[in-house]
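Inspection log for the structure reproduced underneath, given as structure tokens.
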């Protein structure tokens, strides 16, 4: 893989030309959102779209936060599962444009997948990780409910690859498929890749043929990347969300994550919307040029910072330092976001519990969930009920520790991320 082997010419174009193209497309996208989505017709009422031609003008528009998507969906009920933020409905209705698939992420929120090739723009990240036409991609992202599996499949097919839809779980069957099919690379979470490699090592003489991987959904710190490299697997990361698709991707330079070409990305003051200078840590805010789901200034809740200068590979777009935490208390655990609102809902369902705090611990892709809850009556039956509710709300298994009333601090914190990636 050559440092100058780019996916297309967009990656190496003059930064000024890129900025001019994005700013030229911005007013049309704002106008499109105002006309074709109920939510932005209200949120951007009175905004003159033809005047939103600069980052300064964009920064004057309000942020869109994930909880707003949920609130509008709940307010609309069955009338609009997308909460008024999508410009398309089902296939075969209206103009004929529509969602070929619909996915669910925690909330629940629903995201449409339109008909465009490489709809989520993942092919660019796959190419940077060394995947090429004719490769077999073992895709271990989830194919049910959430869009991750489909995101990768769309991108791989657009790149000319063949895909094995492994999905999550069923370790022995996935290992057998890898031994039989000998895929050129893996795509999925780093924790599941680690599990597969460890299981393969337990079977003497049955090493996997993997040589490259593209991972996301969890942190992949240098120590874990080195662990993979020691087993012959070169791992790259990409940053994406269910609402936006690809945001940024890693290159062989290993110096930050290069932004995708079809987004306008801002780093803003956490909790506010004021853009910060390059180098300062703030919240990642994205405006997408996707006409089907035209999110304007979508606040991801993730923290990062812009790196100075271009990527050493010759890609000229701006780069993120990587994932630097959350602007709120939310935490990503085994590829799924856990939100304070989910812990609050657990408390609402169990009035016999006082305060509660969900503690995320572990290292090297081995996340552990512990719900610490205060209760006057501390018995195994209550702990079992809490564990069941926790799994229902978060789709994750966790342990429960019951504590005497008054044990937890009254600081309003519902999630504690105690993981260390040193």
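All of the numbers you see were taken from the coordinates with simple rules; none came from a lab. Keep in mind it's a predicted model, so treat the numbers as computed, not measured. Quick reminder, even Gly has a Cβ in these numbers, built from the backbone with ideal geometry, and neighbours come from all protein chains shown.
Points worth noting:
- Calculated [222 nm] ellipticity per residue, helices only, for the chain: -8500 deg cm²/dmol; basis is -39500 (n - 2.57) per DSSP H run with n ≥ 4, divided by all residues, nearest 500.
- Stretching residue 35 away from residue 350 to a fully extended chain increases their span by 109.0 nm, per 0.36 nm per residue minus the current alpha-carbon distance.
- As a proxy for reagent exposure, 260, 367 were ordered by neighbouring Cβ count within 10 angstrom, fewest first; the result is 367, 260.
- Cα centroid separation, region 229-248 to region 59-130: 21 Å.
- Between 404, 209, 291, the residue with the greatest mean-square fluctuation in the GNM of the chain (Cα pairs under 10 Å linked by springs) is 404.
- Exposure proxy shown here: for 66, 182, 199, the number of other Cβ atoms within 10 Å sets the order, fewest to most, as 182, 199, 66.
- Taking the chain and dividing mean pair separation by its residue count, relative contact order in percent (alpha carbons under 8 Å, at least six apart): 13
- Of the two radii for the chain, the radius of gyration is 0.97 times the Kirkwood radius, both from the alpha carbons; that is the Rg over Rh value.
- For region 139-155, backbone nitrogen atoms closer than 20 Å to the point 7 Å from residue 182 Cα along Cα-to-C-beta are found at 139.
- With neighbour counts taken as other beta-carbon atoms within 10 Å, the residues 30, 353, 152, 168 rank, fewest first, as 168, 353, 30, 152.
- Taking the empirical scaling 2.2 N^0.38 Å for compact globular proteins as reference, region 333-417 has a Cα radius of gyration ratio of 1.01.
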